[in-house]
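Each remark here refers to the structure printed beneath this line.
The values are calculated or read from the model by the stated rules, or taken from the named source; none is laboratory data. Keep in mind the model is a prediction, meaning the values are calculated, not measured. In this analysis, Cβ positions are derived from the backbone assuming ideal geometry, glycine residues included, and neighbour counts consider all displayed protein chains. Note: areas computed on protein heavy atoms with side chains; ligands, DNA, RNA excluded. Shrake-Rupley method; radii C 1.70, N 1.55, O 1.52, S 1.80 Å.
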Amino acid sequence: MRAKEILNDILFPALKKAATKLSVPFVGPLPPLAFEIPKNEEHGDYASNIALIMASKLKRPPREVAKLILDSMDDSSFIKEVTIAGPGFINFLLKESFWFDQLKRVHNQGADFGKIDLGKGANVQIEFVSANPTGPLHIGHGRGAALGDSLASILSFAGFRVTKEYYLNDVGNQMMTLGRSVLYRYKELLQLPVEFPDNHYRGDYIYDVAREAISRWNDKYLDCDEHEVIPVFSQLAQEMILAGIKHDLDDFSVNFDTWFSEKKLIEAGEVEKTIAELKKKNFLYEQDGALWFAATKFDDEKDRVVVRSNGQKTYFASDIAYHKNKFSRNFDQVINIWGADHHGYVPRVKAMVKALGYEPERLRVLLVQLVSLLREGKLVSMSTRQAEFVTLREVLDEVGSDATRYILLTRRPDAPLEFDLELAKKQSDENPVYYIQYAHARLCSILRIAQERGFDINRLNHADPGLLTMPEEISLIKKISHFPDVVEGSAVSLEPHRITIFLQDVVSTFHRYYHSGKLVDEKRVLTENEDLSRARLCLVEGLRLTIKNALTLLGVSAPERM
RNA sequence: GCGCCUGUAGCUCAGCUGGAUAGAGCAACGGACUUCUAAUCCGUAGGUCGCCCGUUCGAAUCGGGCCAGGCGUGCCA
């Protein structure tokens, strides 16, 4: 059992007892219990503010309420001390034996340590990246990729059944523009005079596609009608670009369960069908020759076009069908990760979900703020069409996948992020990620040497953790025991960066502990005392497992040597 | 104009959904390796939590109003 669950079982009955004991009639539900881990260790392992919250309702001073609750509390074999402190906090100090059991739990669970059953098997879909196949991924896509992939890992760890999906916008105007861009480069490479239009894709990768076209078909398409060539070139470009995207994602340790094609959605007639459904529900109307969705009925600020007056369907039309499709696949929760520049799109999608008859809460849209990339202290503008962007590939080659993921995941998604290429490169051996990885390598090193000295490192859970008496050791056990709580918080708030904060904290405590052993022999993990060494190795392995599991959730490797 | 996001140390950012004395990394300065990895550790310095009201036992956190920056505000995607 986790500490919070135990405390809940102790405090809740006491609270009920205290409430009935009071002469002042108290009606209404008891406030939900919350335990916080005090910043100051003198305030115990956990603190509850319940007395402070109840005080005003009961019209009694907080400390008096706290006293009453404390007096109603049953004895517990887990608790060392309960005190009332400050304005009326109830502080709990748990017995060392409890924490020692927690350490054993880490060993017993191994790679599963940190798993919780928050999701209870509910189906969640996360759709992310979904970049148009019109050019390579840039660093902004990388942020969405790292976030989505890590979130998926965290949610699976938290007991959800997760599906990762990439929505492919493989039809529409931009695909024609792509094909035409290739055509211009094709002609150019075949020595025809061309003037490349402004609003087309100028990146070098278009030349690659054009070259491929030449090697496949030579000048066969030179005299063809544009309407004939463009789809062919567009198709080729898409295939090549998509292959590149998949390759980049692969090197970034990001993979998807499903790739969902907009084109197939349309070909299956789902867009038509969904439009018909909304029409039947009277949420669509015609005006100025176009077909409109009455989004304002569902709190959007204006109505939105679904079919343009020229007969073409909008991107939004596909999106309605796509979301309908998502919910028809029985996902309890659908999470969309979008760039913040799409935030204006959220209300209309929520509106459409409501119109389709689904609870809008089942859709959560995560907006990840833009990444501003600095090169030599100067802002690099990001435009796919102008080809002024730094690709994810370049960043991966220069900085590496681990460091890139870690940097992108350390920040809250809704805060803009500054990614300084030179800094990330220059600091590559001072980078925060190495601080974490180094700790893991150190721990592995200790275990390696222990093994050389004859310790059976596979049977460390038979050690006696009771021999661990250094405050740093107790503190480390407590910290790693909190990992499941961190996973929970991270899953509830959909914030992977909490894992990085946790790691930072645990690892710095470990480094300090380790270092104390360099100064005083008795504080080394491997000492003359074999039983003590075994106990410390037990802690070391517990730490290693925790760090490894946490890094895995982030998609960052845990090297055994550095 | 309206909407969303952001504003915390010189810089980059945390701050556990309202708690007790606001933290970390980098940069600066001064120290620590004969030992399980110095990619580490210890110390010094650095703050009007953008500003003003409000809510209450208690606010960086919640609400309102300003100020500043970013993004959005298409029958584009």
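Counting only alpha carbon atoms, the long axis of helix A:139-157 and the longest principal axis of chain A meet at about 50°.
In the complete set of protein chains, residue-level accessible area for A:Asp420 is approximately 40 Å², probe 1.4 angstrom. The listed residues A:Cys538, A:Cys224, once ranked by accessible area (1.4 Å probe) with the largest placed first, stand as A:Cys224, A:Cys538.
With a 1.4 Å probe and every protein chain kept in, tell me what percent of the accessible surface of region A:198-309 is carbon plus sulfur.
Numbers: 2900 of 6410 Å².
Heavy-atom surface of region A:198-309 belonging to carbon and sulfur, 1.4 Å probe: 45 percent.
From the alpha carbon centroid of region A:138-200 to that of region A:43-70 is 55 Å.
Using DSSP to call loops (not H, G, I, E or B), can you name the trypsin sites (Lys or Arg not before Pro) in region A:53-121 whose Cβ has at most 16 other Cβ atoms within 10 angstrom?
Loop-located and lightly packed - A:Lys59, A:Lys95, A:Lys115, A:Lys120.
For the pair region A:256-320 / region A:496-562, the C-alpha centres are spaced 54 Å from each other. Per residue, region A:429-554 exposes 42 Å² of accessible surface when a 1.4 Å probe is rolled over the protein heavy atoms with every protein chain present.
Dipole check for chain A: with +1 at the C-beta of Lys and Arg, -1 at the C-beta of Asp and Glu, and the Cα centre as origin, the magnitude is about 1600 Debye.
Once neighbouring chains are kept in place and the probe is 1.4 Å, which whole percent of the accessible area of region A:3-94 is contributed by carbon and sulfur?
Numbers: 2890 of 5070 Å².
Carbon with sulfur: 57 percent of the solvent-accessible area.
In a DSSP loop and with at most 15 other Cβ atoms within 10 Å, the GluC sites (Glu not before Pro) in region A:459-562 are A:Glu528, A:Glu560.
With unit charges on the beta carbon (Lys/Arg positive, Asp/Glu negative), name the residue among A:Ala450, A:Tyr207, A:Gly489 whose Cα is farthest towards the positive pole of the charge dipole of chain A. Checking the options against the dipole of chain A, the answer is A:Gly489. The residues of region A:3-94 expose, per residue, 55 Å² of accessible area to a 1.4 Å probe. Computed over the alpha-carbon pairs of region A:91-197, the distance histogram in 5 Å steps reads 2, 9, 11, 11, 11, 10, 9, 8, 6, 5, 4, 4, 3, 2, 2, 1, 0 percent, short to long. Considered as an equivalent ellipsoid built on the Cα gyration tensor, region A:173-249 has semi-axes of 19, 13, 12 Å, the largest given first. Magnitude of the charge dipole for region A:429-554, about its Cα centre and with charges confined to Cβ atoms of Lys, Arg (+1) and Asp, Glu (-1), is about 140 debye. With N counted as the residues of region A:320-429, its alpha-carbon radius of gyration over 2.2 N^0.38 Å works out to 1.36.
With every protein chain in place and a 1.4 angstrom probe, the accessible-area ranking of A:Arg412, A:Arg442, A:Arg448, A:Arg536, largest first, reads A:Arg412, A:Arg448, A:Arg442, A:Arg536. Positive-end ranking of A:Ile407, A:Phe89, A:Ala558 along the dipole of chain A, with charges on Cβ about the Cα centre, is headed by A:Phe89.
What full-extension length gain, to one decimal in nm, is calculated for A:Ala85 and A:His227 as 0.36 nm per residue of separation minus the Cα-Cα distance?
43.3 nm is the gain from fully extending A:Ala85 to A:His227.
Each principal axis of the Cα cloud of chain A was evaluated for its coordinate range; sorted largest first, these ranges are 88, 66, 40 Å. The apolar share of the surface of region A:429-554, taken as the fraction of accessible area on carbon and sulfur atoms (1.4 Å probe, ligands and nucleic acids excluded), comes to 47 percent.
Note on region A:218-376: percent of Cα-Cα distances in each 10 Å bin, starting at 0 and stopping at the bin with the largest distance, equals 9, 28, 32, 22, 9, 1.
Calculate, for region A:173-249, the solvent-accessible area per residue in square angstrom, rolling a 1.4 angstrom probe over the heavy atoms of the protein chains.
On the way: 3990 Å² over 77 residues.
I get 52 Å² per residue for region A:173-249.
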